[in-house]
1. Out of curiosity, is Glu254 surrounded by fewer than 16 Cβ atoms within 10 Å (Cβ to Cβ), of a type outside the set (Gly, Ala, Ser) and without any contact (Cβ under 8 Å) to a residue 24 or more places away in the chain?
2. Out of Arg245, Arg222, I need the residue that is within 23 Å of the chain's Cα centre (by Cα) and at pLDDT below 95. Which one?
3. Among the listed residues Asn53, Asn76, which satisfies the condition of being within 21 Å of Asp126 (Cβ to Cβ), modelled with pLDDT of 90 or more, surrounded by 14 or more Cβ atoms within 10 Å (Cβ to Cβ) and not hydrophobic (A, V, I, L, M, F, W, C)?
4. Taking segment 167-191 as the search range and keeping residues that are in contact with a helix residue (DSSP H, G or I) (Cβ under 8 Å, 6 or more places away or on another chain) and among the hydrophobic types (A, V, I, L, M, F, W, C), which one is nearest to Gly244 (Cα to Cα)?
5. Cβ contacts < 6 Å: first residue surrounded by 14 or more Cβ atoms within 10 Å (Cβ to Cβ), restricted to segment 215-238; second residue among the basic types (Lys, Arg), any location; separation 6+ or different chain. Result?
6. Restricting attention to segment 232-253, which residues are part of a loop (DSSP other than H, G, I, E, B) and touching a strand residue (DSSP E or B) at 6+ places or on another chain (Cβ under 7 Å)?
7. Go through segment 270-286 and count every residue that is assigned to a loop (DSSP other than H, G, I, E, B) and free of Cβ contacts under 8 Å to residues at least 60 places away in the same chain.
8. State whether the residues of segment 192-199 include one that is more than 29 Å from Asp126 (Cβ to Cβ), part of a loop (DSSP other than H, G, I, E, B) and of a type in the set (Lys, Arg).
Amino acid sequence: MSNKNILFMFMLIICVMSLIIGTFRVTETVKEKQKVSKNFGGGYNKVAIIELNGIISSTPEKNIFAEENSSLAALNAINEAETDNAVKGIIIRINSPGGTVGMSQRLHKAVMYARKKKPVISVIDDIGASGGYYVASASDRITALPGSMTGSIGVIMSTMDMHELLTEKIGIKENVIKSGKYKDIGSSTRAMTQEERELLQEMINDSYKQFKEAITEGRINRKDDSKAEKKELTTDNLNKYADGRVFTGRQALEYGFIDSTGGMREAQTMMETMIKEKNPSITNINFVKYGKTFSIINSLGLNQNTSAIDGLIPQSMKHARKPLYLWE
C-alpha cells in the first residue's frame, strides 16, 4: 500500500472516530438535560455509587482521548444524587491520594450537603489519604479494607529553586517588575527569603487548621442515632495522629478515623440498614453507578500514562506553588 493510501486510511479513521464521538457527546448532552432518575436507571429506591479516583483537582481533562476529570465527575454526580428523589443513599468509592485544597473542599461541602438529606457512606479501596480522606470525613460512615492506606492528614507545598542552574551554569537572568515585594513569592529563579518562607508557612498552617476543622465537623461533631457501625473519633486522637503520617485501615479503625473495616459489600449492608431505619417500608434497594465517564483509551484497553518520566515526577511538583492535601 502506498504512503498516499495509508494517509487516506488514517484520515478516514479519524473522521469516523470524530463522528462517533460527536454523536456520543450530543446524546450525553440530551441526557444531562433530563431528570437524573431517568439518566442512570435503576428505578426508585436507588443507592448511587460514585467513584472518586486519582489526583483530586478542578482542572478539566475531558477530551476524546481521556476520561473526564474524576473529581469534577464525582462532584457533579454527588450534587445530582442529592437532588434525585429516587436516590435514597450515596456510596462514594474512593481511590485517591488527595490533591488540591480547593477541590477537596468543594467535594467535602457537597457530601455535607447531601448527607443532610440522605445517608452517605465512603469506601476506601487501595488508598484514601490526605484529600481523599478529607472528602471521606464528610460522610456519615467510612469503611476501609484492613490494608487500605489512609490518613496523611496535613498540607504540603513545593517550590523549585533553579536560580543557581539558570544564572551560574546557563547564564540566564530574569528581570522582574512587581507591585509588591511578595508578588513573585515562590519563584524558581531566585532563592526564597526567610521572610517569604515564614509567610508561606503561615498559609500552610491555616490550610492545615481548615483540614482539622473539616474532620471535626464531619466526624467528631456528627450526631445520628443509626445502628450502623460507628466508631467515635476524639479530639485528642485527631491532634495526635494528624501529623502527616499514613496508617492502614485497621489502624484507622483503632484510632477512630473510620467506622469499620470492609469493602463495597459491607458498605452496601450498612447502607441498607441506614435507609430502612428512615424508611421501613422500603424492601428492595437498587445499587446504581453514577457519574460514568467515557474514554476511548480505556475502551481500547490502552494505558493513558504514556510517559515513564511523567510517572517519576512528584505530584507536588506538578502542582508547584499550590497548597495540597496530598500524600506523595
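1. Spelling it out, Glu254 is indeed surrounded by fewer than 16 Cβ atoms within 10 Å (Cβ to Cβ), of a type outside the set (Gly, Ala, Ser) and without any contact (Cβ under 8 Å) to a residue 24 or more places away in the chain.
2. Only one candidate qualifies: Arg222.
3. Working: Asn76 fails: within 21 Å of Asp126 (Cβ to Cβ).
Matching residue, one of Asn53, Asn76: Asn53.
4. Ile185
5. Every condition considered, the pairs that remain are Ala228/Arg141; Leu233/Arg219.
6. Looking only at segment 232-253, we keep the residues that are part of a loop (DSSP other than H, G, I, E, B), and these are 232-234, 242-245.
The one that is part of a loop (DSSP other than H, G, I, E, B) and touching a strand residue (DSSP E or B) at 6+ places or on another chain (Cβ under 7 Å): Arg245.
7. 3
8. Step one: of segment 192-199, the residues more than 29 Å from Asp126 (Cβ to Cβ) are 192-199.
When the remaining residues are screened for being part of a loop (DSSP other than H, G, I, E, B), the result is 192-193.
From what is left, the residues that are of a type in the set (Lys, Arg) are none.
No, segment 192-199 has no match at all.
The values are calculated or read from the model by the stated rules, or taken from the named source; none is laboratory data. Since this is a predicted model, take the numbers as computed values, not measurements. We place every Cβ from the backbone using ideal geometry, glycine too, and count neighbours over all the protein chains shown.
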